[in-house]
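For reference, the structure is listed below as structure tokens.
The values are calculated or read from the model by the stated rules, or taken from the named source; none is laboratory data. Bear in mind that the values here come from a model prediction, so they are computed numbers and not experimental data. Ideal geometry is used to build each Cβ from the backbone, glycine not excepted, and the neighbour counts take in all protein chains shown.
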Protein chains: 2
Amino acid sequence: MNLTNASVGLVAPEIYRHEAPFVLQCGVTLPSYELVYETYGTLNNEATNAILICHALSGHHHAAGVHTEEDVKPGWWDSCIGPGKPIDTNLYFVVSLNNIGGCHGSTGPRSKNPKTGQAYGPEFPTVLVRDWVATQAHLADHLGIRQFAAIVGGSLGGMQAMQWAIDFPDRIRTAIVIASAAKLSAQNIAFNEIARQAITSDPNFFAGRYAENESNPDQGLMLARMIGHVTYLSDDGMREKFGRELKSGNPQKGDDVEFQVESYLHHQGRSFSQVFDANTYVLMTKALDFYDPASEHNNDLATVLKDVSARFLVVSFTSDWRFSVERSQEIVNALVAAGKNVATAIIESEHGHDSFLLPIPRYFDVLNAYLGHLYEELDPKVSSS
Amino acid sequence: MNLTNASVGLVAPEIYRHEAPFVLQCGVTLPSYELVYETYGTLNNEATNAILICHALSGHHHAAGVHTEEDVKPGWWDSCIGPGKPIDTNLYFVVSLNNIGGCHGSTGPRSKNPKTGQAYGPEFPTVLVRDWVATQAHLADHLGIRQFAAIVGGSLGGMQAMQWAIDFPDRIRTAIVIASAAKLSAQNIAFNEIARQAITSDPNFFAGRYAENESNPDQGLMLARMIGHVTYLSDDGMREKFGRELKSGNPQKGDDVEFQVESYLHHQGRSFSQVFDANTYVLMTKALDFYDPASEHNNDLATVLKDVSARFLVVSFTSDWRFSVERSQEIVNALVAAGKNVATAIIESEHGHDSFLLPIPRYFDVLNAYLGHLYEELDPKVSSS
């Protein structure tokens, strides 16, 4: 495989309309729903070469390529998905969607509630990882994909890949779980709750009815994003990137000082608050907090995984302290205890949780090798050549 | 020394009034100022047995004992200060103050600005660690203490102890620097800035004029404290204390769920917002961010410490990730490079930055031994017996 900077080029989102009622885990029924998704590459005749990309907290369907020729910013995982890239669109048919509850086109808090004729807003029901997996299976049916060659996700996306292996053992060949966990720690829940508090206590939140009040909790979203950013980086990574460099002012003189790291976070927070929906942020962080497949099995993850038939690749990063190497090793240990096929890679990186989005050579080598071998199994022409 | 649960008992705060003008590092002059302080134990005739306690971000003068017989909550370091305790009031005369800029009785944002007749509020000038050290020296003069046997502080308090050794080499015999750093990292500055943003963006902050508006930025202070709490604990410590225990609701049913860790943080945040002053919080976090004695010496801390004559004890805790062992080792390395006398202890603890406030046996043994040996030097009767 030749790793180049080639891109999938121009892509256009599509919509899947699920016209039948869908009962969520919480008991609420969506009378119908829509998923916005993109695909890259070509599905082979046997429909065996599909890879599903599951997005994380603030992700969406636009993972690769550009929407217009003038588009300066490609999809969020363009470094990894494309011709000759680790998720190679010359070999694979890649599906990337926005999950329900999201704010990028799929049915979510910004969608109209058919019961009231108004936007759902804060009344959008609680969505769990299992619900996402079920809707992704509907999308697979729609696309004629009986079994995914791989389902890949980082962070919250990794939880979806794992849940696929549990809920649809015969529909997933390999699960690639990156910088994820089988459940959040108290510290992670605490950071998510602080972010939610920042949003919901913003007076412009209006109990989630900001749109009707022609308002937006910009400040709360900005704070939530700043907390996310700091905790997704590592202490060392931030030291290298920002140090104690000043943007303005002299601290020894009592000036109004701004450190570079502050300036960066302000900018990131403000940009995010202009594009992301606050109700979606609250909903997505709760899905993260609530994920805990072992909770109904005496906290024994190996029991939950006993009927899994997918192979697993579990990847973690040394400086990731929100989804640490130890959390990934818990998944590996449970798979081993359940007698499953699992490979694992611990990647040296100083970029914290953000590492899973970065083109770190050894990380990409691992994905490339794993998916290359997988492809040989799928395509008899390759393996016999 | 006999470690018991004995207390210094009933104590009463006193006020030191500095009637002369005091020029702050930022150039602003306070026409006068007041310090509220407490003392425990007895100053010996030679005034050689005094220990100064420097408080951290949210600390104050009330470090030991109780204010009334009914007082259920003793001072913030009562576990460490008292008869037979590591900072032994049978041997030492202990001085503990609230720094200027504080909100517990010393001149600060809640004090009246003589120029305007109104509270300083947000116009209280920038205060740096050096300013605190200078005012503490005035207090020492007032108390007849030429040289402290020891100056002890954790976190921001440790910066004050270090700065004493730099600014007044002949007035400090030993500096005990606990869970501190010679400068904050970008990550630490980022967390402080998020806390400040939470406070200053609260609409009840009124640009720092909340008191005049009969208001208080409760929500912002609550968020700031929640961020502090989470980052002062460790992931492992929180797992042990809270795990994923639920306070209410079933996450699998879409209930309004509260995890124990959330309930705890809400409670801590609300309590704090009722007692702490928002302008003080902003001011104190800036003093933390701005501390960097090496910045004017080519970032060479050893050069800054070259005229220090105090001995140092530098203590850090294994799970403290905001003031990590590495930051303490930077101080130790600079002292070694400068040819100074330094002892260091790295204490195993899973309680994160909060460890410095906890009665961890090895930590207290180290303090006890160090201060015990120090006392023998001070008191010829002891060393010859």
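Restricting A:LEU283, A:LEU288, A:LEU265, A:LEU301 to residues that are within 14 Å of another protein chain (Cβ to nearest Cβ), aliphatic (A, V, I, L, M) and more than 19 Å from A:ALA181 (Cα to Cα) narrows the list to A:LEU265. For the stretch A:229-259, the set of residues classified as on the phi > 0 side of the Ramachandran plot and either at the interface with chain B (Cβ under 9 Å from one of its Cβ atoms) or of a type in the set (Lys, Arg) (or both) consists of A:GLY243, A:GLY254, listed by residue number. Suppose the filter is of a type outside the set (S, T, N, Q), touching a residue at least 12 places away in the same chain (Cβ under 8 Å) and more than 11 Å from every other protein chain (Cβ to nearest Cβ); does B:ASP307 pass it? Judged against the criteria, B:ASP307 is a match.
Out of the stretch A:126-153, which residues are within 14 Å of chain B (Cβ to nearest Cβ) and among the basic types (Lys, Arg)? Within the stretch A:126-153, just A:ARG130 meets the criteria. Of a type in the set (A, V, I, L, M), crowded, with 23+ Cβ neighbours inside 10 Å and within 14 Å of another protein chain (Cβ to nearest Cβ): is that true of B:LEU156 in this structure? No; evaluated as a whole, the condition is false for this residue.
For (1) free of Cβ contacts under 8 Å to residues at least 60 places away in the same chain; (2) under 16 Å from the mean Cα position of the chain (by Cα); (3) outside the structural domain of B:ASP365 (by TED's automatic domain parsing), each residue gets a yes or a no:
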site	(1), (2), (3)
B:LEU43	no, no, no
B:LYS73	yes, no, no
B:SER79	no, yes, no
B:GLY101	no, yes, no
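Figure legend. Inter-residue proximity from the stretch B:327-355: first residues over 15 Å from B:SER155 (Cα atoms) and in the same structural domain as B:ALA310 (by TED's automatic domain parsing), second residues modelled with pLDDT under 95 and charged (D, E, K, R), beta-carbon distance below 6 Å, spacing 6+ or different chains. Indicated pairs: B:GLU350/B:ASP236. Does B:SER96 meet the test of being within 15 Å of the chain's Cα centre (by Cα), among the small types (Gly, Ala, Ser) and either at pLDDT 95 or above or within 23 Å of B:ILE178 (Cα to Cα) (or both)? It is true that B:SER96 is within 15 Å of the chain's Cα centre (by Cα), among the small types (Gly, Ala, Ser) and either at pLDDT 95 or above or within 23 Å of B:ILE178 (Cα to Cα) (or both). Just so you know, in the stretch B:242-255 the residues that are more than 38 Å from the chain's Cα centre (by Cα) and surrounded by fewer than 19 Cβ atoms within 10 Å (Cβ to Cβ) include one that is nearest to A:VAL28 (Cα to Cα), and it is B:LYS253. Residues that are within 8 Å of another protein chain (Cβ to nearest Cβ) and either among the aliphatic types (A, V, I, L, M) or touching a Leu at 6+ places or on another chain (Cβ under 7 Å) (or both) within the stretch A:204-228 comprise A:MET222, A:LEU223, A:MET226, A:ILE227, listed in sequence order. Is there a residue being aliphatic (A, V, I, L, M), free of Cβ contacts under 8 Å to residues at least 24 places away in the same chain and either in a loop (DSSP other than H, G, I, E, B) or within 18 Å of A:GLY352 (Cβ to Cβ) (or both) anywhere in the stretch A:165-179? No, the conditions are met nowhere in the stretch A:165-179.
Among the residues that make up the stretch B:280-297, is at least one of them touching a strand residue (DSSP E or B) at 6+ places or on another chain (Cβ under 6 Å), on the phi < 0 side of the Ramachandran plot and in a loop (DSSP other than H, G, I, E, B)? Within the stretch B:280-297 (the criterion being touching a strand residue (DSSP E or B) at 6+ places or on another chain (Cβ under 6 Å), on the phi < 0 side of the Ramachandran plot and in a loop (DSSP other than H, G, I, E, B)), the answer is no, since none of the residues qualifies. Taken together, B:GLY158, B:GLY237 contain a single residue that is in contact with a Gly (Cβ under 6 Å, 6 or more places away or on another chain), closer than 30 Å to B:ARG362 by Cβ and small (Gly, Ala, Ser), which is B:GLY237.
Residues in the stretch A:342-357 that are assigned to a loop (DSSP other than H, G, I, E, B) and hydroxyl-bearing (Ser, Thr, Tyr): A:SER349 only. Can B:ALA190 be described as facing chain A (nearest Cβ under 10 Å), of a type in the set (A, V, I, L, M, F, W, C) and under 21 Å from the mean Cα position of the chain (by Cα)? When the stated conditions are applied, B:ALA190 passes them.
Among the residues of the stretch B:178-194, is there at least one that is out of contact with any strand residue (DSSP E or B) (no Cβ under 9 Å at 6 or more places or on another chain), farther than 30 Å from B:ASN298 by Cβ and crowded, with 20+ Cβ neighbours inside 10 Å? Scanning the stretch B:178-194 turns up at least one residue that is out of contact with any strand residue (DSSP E or B) (no Cβ under 9 Å at 6 or more places or on another chain), farther than 30 Å from B:ASN298 by Cβ and crowded, with 20+ Cβ neighbours inside 10 Å.
In this structure, B:ALA134 does satisfy being under 28 Å from B:LEU378 (Cα atoms), touching a helix residue (DSSP H, G or I) at 6+ places or on another chain (Cβ under 9 Å) and small (Gly, Ala, Ser). Under the condition of being over 18 Å from B:PRO21 (Cα atoms) and crowded, with 23+ Cβ neighbours inside 10 Å, the residues counted in the stretch B:130-148 number 1. Return yes or no: is A:ARG270 touching a residue at least 40 places away in the same chain (Cβ under 8 Å), crowded, with 20+ Cβ neighbours inside 10 Å and more than 8 Å from every other protein chain (Cβ to nearest Cβ)? Here the answer is no, as A:ARG270 does not meet what is asked.
Applying the condition of being without any contact (Cβ under 8 Å) to a residue 40 or more places away in the chain and in a loop (DSSP other than H, G, I, E, B) to the stretch B:207-236 and asking which residue is nearest to the chain's Cα centre (by Cα) yields B:SER215. Which of the residues that make up the stretch B:45-62 are out of contact with any Phe, Trp or Tyr (no Cβ under 7 Å at 6 or more places or on another chain) and farther than 27 Å from B:HIS229 by Cβ? Passing the criteria: B:ASN45, B:GLU46, B:ALA47, B:THR48. Out of B:ARG270, B:ARG239, one residue alone is farther than 11 Å from A:ALA186 by Cβ, part of a helix (DSSP H, G or I), among the charged types (D, E, K, R) and over 19 Å from the mean Cα position of the chain (by Cα). It is B:ARG270. Number of residues in the stretch B:295-323 that are charged (D, E, K, R) and under 26 Å from A:THR231 (Cα atoms): the value is 2. A:GLU34 satisfies every condition listed in (1) in contact with a Lys or Arg (Cβ under 6 Å, 6 or more places away or on another chain); (2) without any contact (Cβ under 8 Å) to a residue 12 or more places away in the chain except (2). Among the residues of the stretch A:298-312, is any modelled with pLDDT of 95 or more, closer than 20 Å to B:ASN250 by Cα, surrounded by 19 or more Cβ atoms within 10 Å (Cβ to Cβ) and charged (D, E, K, R)? Within the stretch A:298-312 (the criterion being modelled with pLDDT of 95 or more, closer than 20 Å to B:ASN250 by Cα, surrounded by 19 or more Cβ atoms within 10 Å (Cβ to Cβ) and charged (D, E, K, R)), the answer is no, since none of the residues qualifies.
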